[in-house]
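Below you'll find the structure, written out as structure tokens, and then a few comments.
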Ligand SMILES: [Fe+2]
Ligand SMILES: [Fe+2]
């Protein structure tokens with residue numbers, strides 16, 4: 001990462017994600033359906049996030065002059081891969097089935113990442129900032145709901161929310177708001193993300 005590219009906050013990989021409680025036992029009960037929805041949408045979102053960063057890096061990795069931004073995106077992608085591994089594990093344990101839209105989100109995520117990167121470094125940052133803001137708000141709402149239900153998953157979701165906030169701040173520190181057409185791009189991307197969240201929870 002070059003000096004030009006600042007990170008919002010440290011996102012060191014975490015060794016253990018709520019290894020206790022929720023992860024260690026099956027708890028069929030009145031909350032099981034809602035918990036499955038949460039795991040499904042978070043799993044979908046993290047897969048989509050990885051794909052967005054991959055799409056952006058596919059463009060910037062090919063340009064030697066863009067090594068700085070590429071390294072920055074790689075750092076954030078590693079954070080998403082860590083989040084994804086957590087939800088992958090929950091899905092593998094049978095806590096939720098994956099969304100039927102997974103193949104679409106994967107393709108759309110990559111296309112969104114590559115498309116904004118082709119528009120330039122600031123547009124890529126505008127995309128990151130827009131997406132991470134929606135995810136951060138989504139996780140904050142989930143954390144509150146899980147805390148109110150006394151679910152141990154709340155702690156993991158709360159930590160992931162902080163990571164997403166860090167990604168958003170990183171994108172903002174690297175010129176997201178200076179992208180041409182920032183307001184429109186942000187509105188369109190965020191509407192798409194919110195629709196994907198609603199669909200992935202239910203289907
Ligand atoms: Fe994430
Ligand atoms: Fe993120």
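Within the option set 59, 157, being assigned to a helix (DSSP H, G or I), in contact (Cβ under 8 Å) with a residue 40 or more places away in the chain, within 16 Å of ligand 2 (Cβ to nearest atom) and crowded, with 17+ Cβ neighbours inside 10 Å holds for one residue only, 157. Only residues that are assigned to a loop (DSSP other than H, G, I, E, B) and surrounded by 16 or more Cβ atoms within 10 Å (Cβ to Cβ) were counted in segment 76-95, giving 1. State whether one or more residues within segment 96-109 are more than 14 Å from the chain's Cα centre (by Cα), over 15 Å from residue 45 (Cα atoms) and either without any contact (Cβ under 8 Å) to a residue 60 or more places away in the chain or surrounded by fewer than 22 Cβ atoms within 10 Å (Cβ to Cβ) (or both). No: zero hits.
Scoring residue 140 on the criteria (1) in a helix (DSSP H, G or I); (2) buried (at least 17 other Cβ atoms within 10 Å of the Cβ); (3) in contact with a helix residue (DSSP H, G or I) (Cβ under 7 Å, 6 or more places away or on another chain) leaves a single failure, condition (2).
If you go through segment 173-182 and pick out every residue that is farther than 15 Å from residue 70 by Cβ and crowded, with 19+ Cβ neighbours inside 10 Å, you end up with 3.
Quick note: the coordinates plus some simple rules give every number you see, no bench work behind them. All figures in this text were calculated on a predicted structure; none of them were measured in a lab. Cβ coordinates were reconstructed from backbone atoms using ideal geometry, including for glycine residues, and neighbour counts include every protein chain displayed.
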